[in-house]
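Where a number appears in this text, it was derived from the coordinates with a stated rule and is not lab data. In this text the structure is predicted, and so the values were computed from the model without any measurement. FYI the Cβ positions are ideal-geometry reconstructions off the backbone, even for glycines, and counts take in every protein chain you see.
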Amino acid sequence: MPPNFWRSLPVVSKSAARRNPVLARRSFLGLGAALTGTFALDAARAETAEISPPADAPWSQSLGAGVVDRPYGTPAETEAGVIRRNVPWLTAGTESSISFSPLQDLNGIITPNGLFFERYHAGRPDVDPEQHRLMIHGLVERPLVLTMKDILRFPSVSRIHFIECPANGGMEWRAAQLNSLQFTHGMVSCAEWTGVKLSTLLEEVGLKKEAKWVMVEGADGAHMNRSLPLEKCLDDCLIVYAQNGEALRPEQGYPLRLVVPGWEGNVSVKWLRRIKVGDQPWFSREETSKYTDLMADGTSRGFTWLIDAKSVITFPCPEKPLSGPGLYEIRGLAWTGNGKVKAVHVSTDGGINWQVAQLHEPILSKALTRFSIPWRWDGKPALLESRVIDETGYVQPTIVDLRKQRGTNSVYHNNSIQTWQVKPDGSVFDVQIG
Ligand SMILES: Nc1nc2c(c(=O)[nH]1)N[C@H]1C(S)=C(S)[C@@H](COP(=O)(O)O)O[C@H]1N2
Ligand SMILES: [Mo]
């Protein structure tokens, strides 16, 4: 049994419930009318779940640690397994690589800053905010070089948006390869970003009438740069300095990054140092040799910025198996670059029958959205899937359908339905059904 298992269940023994009717009502009826019956902790497991009255525990009988014992808070020591992980064989080194967010251990829609996935093309620079500058030039009336102090004076906005690397799921194009939610889907994270609208800065410099494209460039060794259509820049792009209430983490681009809501993570340039306005795209390395999609007929699709709707069941999953037959809540995340999630359907028989899942508030545009559905597992093999429909009516495709359009030579933009196979012992596996 995984060490975190009991933490995922309401720990109430049958005997404790009988002694305390209030506790019993809260625990057994709390999940709503859809659930007839109880979370059937069988006798043996109820024994294990028996807990001591609180006053008996050692931590209840002594003074605890004082304030500022940890001036910057850290998770409980027993949560030490909740960490970002990389796949060592995937890249030659860690400087041009990826770490994956532990989606199996996360709740809600906000990714804690220390667990936000990382993607570096040339390692993480340590940028001195005093020396950092943002230059805005090209087809503008008044070119500017801004300090961080200058940027902080502009009117600010806060928005919750996901960032997903389009390579998320890229190892699963041909077959199910990585038996792990963290590695199949962990290149997506979501935060509240605070900063200045890019449109505000572009107004400040004044656009010339020929302006059509914008090049954004990072201060890291890769000088990562991408071309963006002006229309998107004026729509909802943000130049941010804060993430979930505190300064951006160095991993996420401290002291300044671009956030391009709903578009492939690659365009959200970190350690942002330059914005150049032009009348055509730059065809940089990251939009020619990379971040293009090799199609079945050998041609290549470019400038495929949009993140199409995608969803995944986060419980159960390979890292969080089932402990025996009974009632569970299937939980997951859905997102779309095209606005809001409209509905999520869940299947327990590999996509033959579908049920409508409950969406959890808040349902925000271009943000992760939570869904759940109660499920009584009878102990038989099952094939769990989720399928999202976004507000444009777009339906998340199966891997078979996606391969028909795209072939098998792609790396990026695999937004196909994930299938988790549940075996009679409760273990969960990454599979694809053909
Ligand atoms: N300057 C710079 N910006 C960058 C990158 C980079 O290597 N250098 N990686 C990009 C890629 S490919 C992705 S998916 C996102 C990842 O953002 P994160 O590391 O904050 O999760 O940042 C993008 N911005
Ligand atoms: Mo990426």
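Listed by chain and number, the lysines whose C-alpha is less than 20 Å from the C-alpha of K276, apart from same-chain residues fewer than 8 away, are K197, K208, K209, K212, K232. Could you list log10 I(q)/I(0) for the range 315-426 at q = 0.13, 0.14 Å⁻¹, which the Debye formula gives when each Cα is one point scatterer? Here log10 of I(q) over I(0) equals -0.53, -0.61.
Between S427 and L63, the simple spin-label model (points 7 angstrom out along Cα→Cβ) gives 5.0 nm.
Taking the centroid of alpha carbons for each part, the range 257-285 and the range 141-217 are 7 Å apart.
Of A367, A55, A175, the residue with the greatest mean-square motion in the GNM of the chain, using alpha carbon springs below 10 Å, is A55. Comparing mean-square fluctuations of G393, G186, G351 from a GNM of the chain with C-alpha springs under 10 Å, the top value falls on G393. Here the residues H413, H185, ranked from fewest to most Cβ neighbours within 10 Å of their Cβ, fall in the order H413, H185.
Can you tell me the relative contact order of the chain? Whole percent, Cα pairs under 8 Å, sequence separation 6 or more.
Relative contact order of the chain: 15 percent.
Each label point was placed 7 Å from the Cα along the Cα-to-Cβ direction; for L327 and S156 their separation is 4.5 nm.
Which whole number of Å³ per residue matches the convex hull of the alpha-carbon atoms in the range 176-326?
Details: hull volume 25.6 nm³, N = 151.
Dividing the Cα hull volume of the range 176-326 by its residue count gives 169 Å³.
The ranking of R285, R119, R387 by Cβ neighbour count inside 10 Å, starting from the fewest, reads R285, R119, R387. Net length available on complete extension from Q355 to D126 is 77.6 nm, with 0.36 nm assigned per residue and the Cα-Cα distance removed. Here T314, T408, T336 are placed in order of increasing Cβ neighbour count within 10 Å, fewest first, which gives T408, T314, T336. The residue among C317, S427, V411 whose Cα reaches farthest toward the positive pole of the charge dipole of the range 310-431, with charges on the beta-carbon of Lys, Arg, Asp and Glu, is V411.
Each 10 Å bin from zero holds the following percent of Cα-Cα pairs in the range 84-298: 8, 34, 36, 17, 5, 0. Dividing the helix sum by the residues of the chain, where each DSSP H run of 4 or more adds -39500 (n - 2.57), gives a mean residue ellipticity at 222 nm of -3000 deg cm²/dmol.
Counting Cα-Cα pairs of the chain in 10 Å increments starting at 0 gives whole-percent bin shares of 4, 19, 28, 24, 15, 7, 2, 0. In this simple spin-label approximation, T94 and Q405 carry label points 7 Å from Cα along the Cα→Cβ vector, and these lie 3.7 nm apart.
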